[in-house]
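Trainee: Pasting a structure below so you can have a look.
Just so it is clear, none of the values below were taken in a lab; they were calculated from the coordinates. Bear in mind the structure is a predicted one, so any value in this text is a computation, not a measurement. Cβ: placed from backbone, ideal geometry, glycine included. Neighbour counts: every protein chain shown.
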Amino acid sequence: MPDGFRRWPWSAIAFALYPLIFIAVTNPGQVSAGSLVPTLAVAAAASATLLALLRLLFGDWPRAGLGVIWFLLLFFGYDPVNAAFDGTGGDADEGVAVVGWAARNLQLIHSIVWLLLLALGWSWLRRLKRPLGRLPAALNLVSVLLIGLALAQWLAGRDGKGGGPEPGRVQGDAVHGTPDIYFIVLDGYARADMLAQHYAWDNGPFLRRLEARGFQVADASQANYGWTFLSLASTLNMDYLPALLGDRLDPAGVGREDAYRLLRDNRAAAFLRERGYRFVHLQSTWGGTGSNPYADDFRACGGGPFRDDYLLAIAEVSWLRALGTRASVDLASCHLRNFETLAGLAREPGPKFVLVHFVPPHHPYLFDRDGNVLRNATLSNQFEFQKLLWEDRAAYIDQLVFVSRKPEEAIDRLIADSPRPPTILLVSDHGPNLRRAIRGAEYNRLRLASLSAVRLPGAPADLLTEDVSNVNLLRIVLRHLFGADLPPLPDRLFVSEYRRPFDFTEVDRDGQPVVPEARPADNM
């Protein structure tokens with residue numbers, strides 16, 4: 001082994017780079033080279049600078065290298081410990097309950113503890129007199145192997161299709177008189193009959209107000225898939241995933257890259273772009289719709305140094321989390337800003353196809369029914385699957401009531417301010433994920449029971465069938481507006497487990513598995 005490799009602590013820089021590379025590799029298709037390369041350069045420069053400073057403090061390179069590694073362990077180990085105290089990690093009955101002043105100042109307390117640990121570790125290293133022997137060389141070797149494995153995983157996952165928008169994309173001439181089209185998604189918004197059955201909530205008044213505004217509401221509509229990234233990829237591309245992904249659909253796979261690309265670079269936007277539309281995408285607080293390099297106009301809901309998704313991910317899993325909403329996105333503020341942005345889009349030149357995905361009424365529960373903000377959550381608080389927050393039915397309904405009122409306000413402004421009557425789709429991607437005391441067919445029925453309301457001026461009253469499924473919504477709209485050759489597909493419904501999202505089981509409208517002999521003619 002070369003003496004320079006053995007003696008100089010290259011691992012101090014390599015261990016700074018490895019977590020950043022790992023985040024990029026495990027989020028394929030979501031990290032651009034423009035974000036990754038500068039971040040790696042800054043991390044390498046920062047760790048080398050700290051290494052040089054600790055060399056002056058400790059008197060030799062090996063101990064300085066261990067000092068940098070100790071800092072990195074604390075820096076990237078902050079989030080798992082913090083999550084155990086703030087309630088965003090572990091099972092519902094695990095973790096440490098922190099209340100009162102301590103809960104309000106958790107990040108400050110945690111940071112003080114971490115600074116003390118950092119100081120204790122560095123003090124011990126400074127007093128350490130024993131030679132470190134082969135430890136620096138071993139750490140160098142381990143760090144190189146880790147980075148090599150991460151790069152190998154990245155190379156193995158490349159699809160050869162590139163990761164950005166296609167160059168030279170041509171936008172067609174606007175068709176005279178075409179309306180703006182707004183596709184508004186309310187995540188996990190249950191169908192009216194499911195709200196009545198499982199939540200004792202009458203959603204009829206809200207639906208009747210939509211009908212008074214010109215919407216057709218499908219009383220028995222259903223999502224085709226039970227997870228957001230599957231459902232939106234299918235809906236926006238107006239087809240089923242096996243047809244869209246072909247042999248790249250692996251039932252044992254867990255990667256979301258292909259599905260994310262489908263929902264961002266979707267067929268509906270391509271169809272409308274050819275007819276002179278701009279594709280306007282409002283940033284959401286969920287990964288799949290949190291960024292979109294394929295949109296003609298992407299509207300962020302926040303600013304600051306951590307606006308980039310990759311930097312946000314780093315902030316969420318490191319000591320930077322202590323900065324709270326200064327380092328991440330405040331979820332409630334993002335949703336409220338998006339409602340305002342949506343309402344103001346009618347005054348902008350068209351035609352435009354607008355996609356906006358609101359995570360509420362899905363947890364975390366940020367709003368009461370009057371719109372008061374209950375908590376200042378960030379991205380790390382967003383999906384707390386282990387805590388079964390779907391089971392907090394009262395909080396879900398309170399947020400649903402508020403999230404029903406806000407789109408109404410935005411829709412009224414869109415209708416009033418648009419130069420020609422707009423087309424508006426107000427839909428949910430799936431129903432709630434209740435699991436306690438709900439099993440089998442009833443769970444499937446609830447999970448796939450979605451909201452579908454479409455405002456399509458000039459359309460016949462029976463254009464939207466009461467049992468329409470999401471895959472056909474845009475087919476119906478584009479066929480009516482443009483005479484597109486998009487006949488409705490047979491409605492098919494699929495469920496899958498979160499850990500095996502592409503291992504589909506087809507079910508009927510009652511949630512019962514479909515036996516092969518009973519399947520409709522294959523349209524996939």
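Trainee: Order 44-50, 183-189, 115-121, 486-492 from most to least packed using the mean count of other Cβ atoms within 10 Å.
Mentor: Top of the packing list down: 183-189, 486-492, 44-50, 115-121.
Trainee: Whole-Hz Karplus ³J(HN,Hα) for the stretch 356-363, in order, using 6.51 cos²θ - 1.76 cosθ + 1.60 and θ = phi - 60°, x for Gly and Pro?
Mentor: Couplings: 9, 10, 9, 5, x, x, 3, 5 Hz.
Trainee: For R375, R509, R191, what ranking results if the residue with the fewest other Cβ atoms within 10 Å of its Cβ goes first?
Mentor: The fewest-first ordering by Cβ neighbours comes to R375, R509, R191.
Trainee: For a quick check: with amide H placed at 1.01 Å from N, whose amide H comes under 5 Å from L493's, ignoring anything fewer than 5 positions away on the same chain?
Mentor: Amide H neighbours of L493, under 5 Å, 5+ apart: V507.
Trainee: Name the long-range amide H neighbours of R278: under 5 Å, sequence gap of 5 or more, or other chain; modelled H, no Pro or chain starts.
Mentor: It is K352, F353, by chain and number.
Trainee: For the stretch 113-155, what value does the Rg/Rh ratio take when both radii are computed over Cα atoms and Rh is the Kirkwood radius, given to two decimals?
Mentor: On the way: Rg = 15.6 Å, Rh = 12.9 Å.
When Rh is taken as the Kirkwood radius, the ratio is 1.20.
Trainee: Given a Förster distance of 35 Å, report the FRET efficiency between V42 and V81 from their Cβ-Cβ distance, rounded to the nearest 0.05.
Mentor: 0.90
Trainee: For E211 and R267, what does the FRET efficiency come to when R0 = 30 Å and r is the distance between their Cβ atoms, rounded to the nearest 0.05?
Mentor: That gives a FRET efficiency of 0.55.
Trainee: Expressed in nm to one decimal, what extension gain is obtained for the pair A220 and E409 from 0.36 nm per residue of sequence separation less their Cα-Cα distance?
Mentor: So the extension gain works out to 65.5 nm.
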